[in-house]
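Chemist: Below you will find the structure I want to go over with you.
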Amino acid sequence: MSFVTLQESLRKELRKRIEAGDLTGMELARRTGFTQAHVSNFLNRKRGLKLSALDRMLKAIGLSVYDLLNPNELVKFAAVPAGEEEDYADVPLVEGSIAAGSEVVVNEEVKEILKFRRTFLSRIRADLAGLPGAGSRKSWTRFVLIKVDQKEGLSMWPRLAPGSTLLIDRHYNSLRPYRKNDRNMYAVRKAEGCTVKYVEYSSGPGNGYLVLRPHNPDYLIEVLPIEEGQTYADLIVGRVVHVALET
């Protein structure tokens with residue numbers, strides 16, 4: 001596949017996301033650091049991209065150059081037999097501040113990559129809260145991993161433990177139970193990072209509060225005010241869908 005063809009594949013992907021309402025030219029310009037005119041000219045075939053600029057575009061939407069390649073061509077260069085690697089998806093391990101604050105996780109923010117079976121991830125149900133004023137997350141990097149520290153782990157003991165690695169679904173920010181009669185664990189925005197707790201919404205002055213409940217009764221319940229212009233869904237980073245602990 002030629003470099004020109006790669007750029008055309010990127011144009012098609014960007015237009016598809018813009019037409020679906022998952023991305024805007026302004027947002028793409030913000031993520032890449034390009035001017036809106038630069039982005040518009042590329043989308044309308046009035047200019048091409050240098051290799052470094054193409055890389056910035058890809059990082060901004062969470063893709064790699066391999067995502068633009070024709071699968072039939074890519075398999076020719078595979079280091080492993082076709083079907084083995086494609087059974088697994090790469091999930092980034094990041095700091096809590098990145099999980100809470102970065103819509104699209106880029107390479108510089110990744111501490112480690114862990115692999116999960118695509119069949120496992122595909123079975124996980126998303127549930128985006130449809131609240132007035134809640135921002136869309138369709139274009140966000142959906143799955144991320146975080147590690148919990150000593151305090152967070154002990155506050156949710158024995159469901160969690162210090163050092164646990166948590167798989168977070170950032171496309172699940174509603175308060176509906178995932179399973180009947182079972183409480184969801186959530187990663188929630190707090191200060192510059194995130195905390196992991198059970199979550200309830202409480203109405204009150206202004207936009208109300210999120211009540212953060214630990215599993216361990218030795219730890220205190222926390223109350224997190226919802227600021228003006230926010231909804232409870234904006235404070236929820238995502239649902240904890242998998243817990244792993246090294247032994």
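Chemist: Does A191 fit the bill of being touching a Leu at 6+ places or on another chain (Cβ under 6 Å) and in the same structural domain as S102 (by TED's automatic domain parsing)? It would help to see each step written out before you state the result.
Modeler: Working: touching a Leu at 6+ places or on another chain (Cβ under 6 Å): no; in the same structural domain as S102 (by TED's automatic domain parsing): yes.
Here the answer is no, as A191 does not meet what is asked.
Chemist: Please verify whether region 63-73 includes one or more residues that are under 25 Å from D234 (Cα atoms) and modelled with pLDDT of 85 or more.
Modeler: Of region 63-73, the ones under 25 Å from D234 (Cα atoms) are 63.
Okay, now just the ones that are also modelled with pLDDT of 85 or more, so none.
No, region 63-73 contains no residue that is under 25 Å from D234 (Cα atoms) and modelled with pLDDT of 85 or more.
Chemist: Cβ-Cβ below 6 Å, separation at least six or inter-chain, first residue in region 26-43 and touching a residue at least 60 places away in the same chain (Cβ under 8 Å), second part of a helix (DSSP H, G or I) and of a type outside the set (D, E, K, R): which pairs?
Modeler: R31/A60
The values are calculated or read from the model by the stated rules, or taken from the named source; none is laboratory data. Because the structure is predicted, anything quoted here is derived from the model rather than measured. Every residue, glycine among them, receives a Cβ derived from its backbone with ideal geometry; neighbour counts consider all protein chains shown.
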